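The values are calculated or read from the model by the stated rules, or taken from the named source; none is laboratory data. None of the values given here were measured: they were computed from a predicted structure. Methodologically, a virtual Cβ is constructed for each residue, glycine included, from the backbone with ideal geometry; neighbour enumeration extends over all protein chains shown. Each accessible area value is taken on the protein alone, full model and side chains, heavy atoms only, with ligands, DNA and RNA left out. Shrake-Rupley method; radii C 1.70, N 1.55, O 1.52, S 1.80 Å.
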Amino acid sequence: MKSGRFLVVFMILVMVAVVFTGCGGQDDLTKVRLNEVTRSVFYAPMYAAINLGYFEEAGIELELTTGQGADNVMTALLSGQADIGFMGPEATIYVYNQGQDDYAVNFAQLTKRDGSFLMAREPDPDFVWDNVRGKSIIGGRPGGMPLMTLEYVLKNQGITPGEDVELITNIQFALMGGAFTGGEGDFVTLFEPVATNLELESVGFVVASVGEDSGEIPYTVFSARKSFLEKNSELVQQFTDAIYRGQVWVMENEPEEIARVIRSSFPDADEEVLTNVARRYKEIDAWADTPVFSEEAFNRMQDVMEMAGELEKRAPYEDLVTNDFALEAIK
């Protein structure tokens with residue numbers, strides 16, 4: 001009888017232990033649905049934060065999906081399919097100017113330059129932008145930051161899009177590389193690691209960095225609807241804390257280590273390729289040091305949009321940007 005009672009007590013203790021062990025696992029995490037504009041090494045600080053466990057440590061179970069274009073990310077955000085969108089902040093201006101009541105607000109910046117590279121069909125170590133005159137460039141969709149930044153660079157170089165160079169803008173973002181290898185266009189702008197992979201196949205060659213020649217622009221940021229930020233301020237703070245830790249980590253580590261950590265986010269990419277790509281982005285100073293989104297950067301972005309003819313009315317910085325979460329994360 002004693003052995004039987006002992007066995008029952010023992011089993012109860014085991015069950016209690018299992019229950020309490022489980023309490024420290026996934027059940028404690030709050031799910032956040034994040035929709036990213038595309039999958040690129042350009043966003044290495046975010047993937048570092050994911051793969052180093054910073055989101056879990058902040059109490060977040062991250063559900064990551066890829067929208068393939070800022071318009072698709074914004075659609076997911078406004079339809080309630082995503083809690084947070086990761087895209088170019090130009091999309092938030094378009095929505096605000098359309099009169100949306102529960103518009104999207106930018107709360108953390110990740111990149112500060114255009115992350116695309118101009119690719120030609122042949123190597124050109126002596127490339128100058130004047131070489132695109134009389135040629136065609138696959139440049140992204142109208143109203144998107146990739147195309148607007150490219151137009152900004154061209155105009156600053158004295159080249160008029162539509163007159164001096166043809167811009168091909170009817171190809172979906174995710175299909176631009178395939179269109180180029182299929183024979184469309186003389187040049188194409190592509191993100192990494194797609195650009196490097198084309199170089200390895202000897203079907204395209206990087207000749208210029210759009211971001212290096214455009215200067216600093218708030219290129220990709222995290223946004224959420226105004227109502228979500230108001231109702232989930234603690235959760236958004238936890239999210240921003242994790243992002244900032246990823247930014248700091250990337251700044252403090254070499255390309256080889258960055259490639260090793262983010263590799264699981266790019267299962268089809270070779271680690272040597274990821275290393276070279278991370279080095280390329282470090283060299284052009286593509287990543288923001290902190291999540292703070294400055295008013296100066298916001299105004300410069302609107303300058304780019306106006307120059308591209310895509311902005312009818314400038315939007316107020318104080319409505320579309322909050323740095324409360326970024327500043328708290330830095331503390």
Per residue accessible area in Å² of the chain, where ligands, DNA and RNA are left out and the probe is 1.4 Å: 45
Rounded to whole Å, give me the distance from the Cα center of region 201-265 to that of region 58-125. 11
Extension gain from Ile284 to Lys155, taking 0.36 nm per residue of separation minus the Cα-Cα distance: 44.4 nm
3J(HN,Hα) from dihedral phi, region 101-111, Karplus parametrisation 6.51/-1.76/1.60, rounded to Hz, x for glycine, proline: 5, 9, 6, 8, 10, 7, 10, 7, 9, 10, 10
Give me the angle, in degrees from 0 to 90, between the Cα long axis of helix 271-283 and the longest principal axis of the Cα atoms of the chain, rounded to the nearest 10. 60
What is the extension gain from Glu184 to Arg263, computed as 0.36 nm multiplied by their sequence separation minus the C-alpha to C-alpha distance, in nm to one decimal? 25.4 nm
Rounded accessible area of Thr30 (nearest 10 Å², 1.4 Å probe): 70
Would you mind checking the tilt of helix 233-252 against the longest principal axis of the Cα atoms of the chain, expressed as 0 to 90 degrees and rounded to 10? 60
Any chance you could give the angle, 0 to 90 degrees and rounded to 10, that helix 2-22 forms with the longest Cα principal axis of the chain? 20
So for Ser264, Ser116, what's the accessible-area order with a 1.4 Å probe, most first? Ser264, Ser116
What's the longest uninterrupted piece of the chain once you rule out the GluC sites (Glu not before Pro) that are loop residues per DSSP with at most 12 other Cβ within 10 Å? 1-162
Beta bridges by DSSP in the chain, antiparallel share as percent, to the nearest 5: 50
Please give the contour-minus-distance gain from Val203 to Ala174: 0.36 nm per residue of separation, less the Cα-Cα distance, rounded to one decimal in nm. 8.7 nm
Dividing the alpha-carbon radius of gyration of region 157-295 by 2.2 N^0.38 Å, where N counts its residues, gives 1.26
The simple spin-label model distance between Gln98 and Asp303, using points 7 Å out along Cα→Cβ, in nm, is 2.8
At a 1.4 Å probe radius, which order do Asp186, Asp114, Asp28, Asp268 fall into by accessible area, largest first? Asp268, Asp28, Asp186, Asp114
May I ask you to give the percent of accessible area on the chain that is carbon plus sulfur, with a probe radius of 1.4 Å? 48
State the Kirkwood hydrodynamic radius of the chain in Å, one decimal place, computed from all pairs of distinct Cα atoms. 21.1
